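So the structure is just underneath, and the comments pick up after that.
Every number here is computed from the coordinates shown, using simple stated rules; none is lab data. Treat the numbers as computed from the prediction; the structure is a model and nothing was measured. Cβ placement follows ideal geometry from the backbone for every residue including glycine, while neighbour counts extend to all protein chains displayed.
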Amino acid sequence: MIAFTYLLILFFTVIICFIASFDKRLQFNHYFGAFIKASILVAIPFIGWDIWFTEKGVWWFNKSYTLNIIIAGLPLEEWLFFIFIPFSCVFTYFSIDKFFKLKWLIGFNNLITFITIIVCSVIALLHYDKIYTLVTAIITIITLIFLHFIVRIDWISKASLVFTILMLGFLPVDGILTGTGLESPIVNYNPADFLGIRILTIPIEDAVYGYSQFLLNLYFFKLFSKK
């Protein structure tokens with residue numbers, strides 16, 4: 001087992017996007033400040049969730065794959081996760097939005113929002129005893145209600161398309177974290193706390209969790225960029 005496996009995964013996830021940020025056609029480096037503010041703001045509740053779930057044994061980390069630097073019960077790499085992964089996601093959205101005209105997707109905002117809220121509500125009601133499933137569903141519902149009905153953003157469908165594209169990177173990254181290609185997973189889950197539906201080795205809840213986190217990072221990034 002390589003002690004810095006988790007760190008390597010984060011490094012290779014972010015390095016190409018970071019270098020491309022300085023491309024003159026993109027100049028995403030001008031938005032680093034806005035991104036840092038947004039990612040820290042969104043990370044606060046998600047890290048709190050992470051600490052809580054780790055304490056309850058909903059998930060836990062294999063220290064053999066980490067530097068074993070523990071902060072508030074989480075390995076250092078898990079803290080970095082909330083900066084590095086959102087960076088790659090927001091950068092990808094920024095790049096696609098810059099070069100492709102996707103305004104036609106606005107017409108799908110209502111459809112995506114209502115279907116997602118209904119599906120998450122049904123799952124939460126049926127599986128209220130599975131804490132990871134329940135909390136993920138509730139957070140997703142709250143996120144969409146806030147973005148669609150309160151602040152009334154018009155890019156949910158566009159962000160959803162980009163997130164679908166991001167799944168191509170999500171599968172190998174989260175796949176390795178959850179055990180694909182390794183002797184044992186870096187992140188382990190209590191079978192009693194989630195649906196048990198996996199994409200390869202990835203709990204389906206991880207994808208929904210990532211979707212909510214992506215939408216919130218994007219919202220605050222856009223907000224701070226304007227300022």
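Annotations
- Evaluated over the Cα positions of the stretch 8-65, the convex hull gives a direction-averaged projected area, one quarter of its surface, of 5.2 nm².
- A DSSP coil position with no more than 14 other Cβ atoms inside 10 Å describes the following chymotrypsin sites (Phe, Trp or Tyr not before Pro) in the stretch 11-66: Phe22.
- Under 11 Å from a label point set 7 Å out along the Cα-to-Cβ vector of Trp60, the amide N atoms of the stretch 182-216 belong to 188-190.
- Proximal charge balance of Tyr132 [Cβ under 15 Å; K/R count +1, D/E count -1]: -4
- Choice from His148, His30, His127 showing the highest fluctuation, given a GNM over the chain with Cα pairs closer than 10 Å: His30
- Residue-wise HN-Hα coupling along the stretch 118-135, computed from phi with Karplus coefficients 6.51, -1.76, 1.60 (Hz; x: Gly, Pro): 5, 4, 5, 5, 5, 5, 4, 5, 7, 10, 5, 7, 9, 5, 5, 4, 4, 5
- Summary of packing: across the peptides 137-145, 203-211, 110-118, the per-residue average of other C-beta atoms within 10 Å ranks them, highest first, as 203-211, 137-145, 110-118.
- Taking only Cα atoms of the stretch 53-174, radius of gyration then Dmax in Å: 17.2, 48
- Cα centroid separation, the stretch 157-227 to the stretch 99-114 (Å): 21
- Counting only DSSP H runs of at least 4 residues, each contributing -39500 (n - 2.57), and dividing by the residue count of the chain, the helix-based mean residue ellipticity at 222 nm comes to -21500 deg cm²/dmol.
- You can think of it this way: the chain between Lys98 and Ile118 has 4.0 nm of extra reach, that is 0.36 nm per residue less the Cα-Cα gap.
- Spacing of the modelled spin labels on Trp49 and Asn188, each 7 Å from Cα toward Cβ, amounts to 2.3 nm.
- Electrostatic tally near Arg198: other residues with Cβ closer than 13 Å to its Cβ, Lys and Arg +1, Asp and Glu -1, net -3.
- The modelled label-to-label distance between Ala3 and Ile106, using points 7 Å beyond Cα along the C-beta direction, is 5.5 nm.
- Residues Lys222, Lys158, Lys98, Lys24, arranged from fewest to most other Cβ atoms within 10 angstrom of their Cβ, appear as Lys24, Lys98, Lys222, Lys158.
- Calculated FRET value between Arg25 and Ile83, using beta carbons and R₀ = 35 Å, to 0.05: 0.90
- Cα-derived Rg over Rh, computed across the stretch 103-192 with Rh taken as Kirkwood radius: 1.05
- Normalised per residue, the volume of the convex hull around the Cα set of the stretch 89-139 (Å³): 77
- Using only Cα coordinates, the Kirkwood hydrodynamic radius of the chain works out to 18.3 Å.
- Inter-label distance, Ile199 to Ile36: 3.2 nm, where each label sits 7 Å from its Cα along the C-beta direction.
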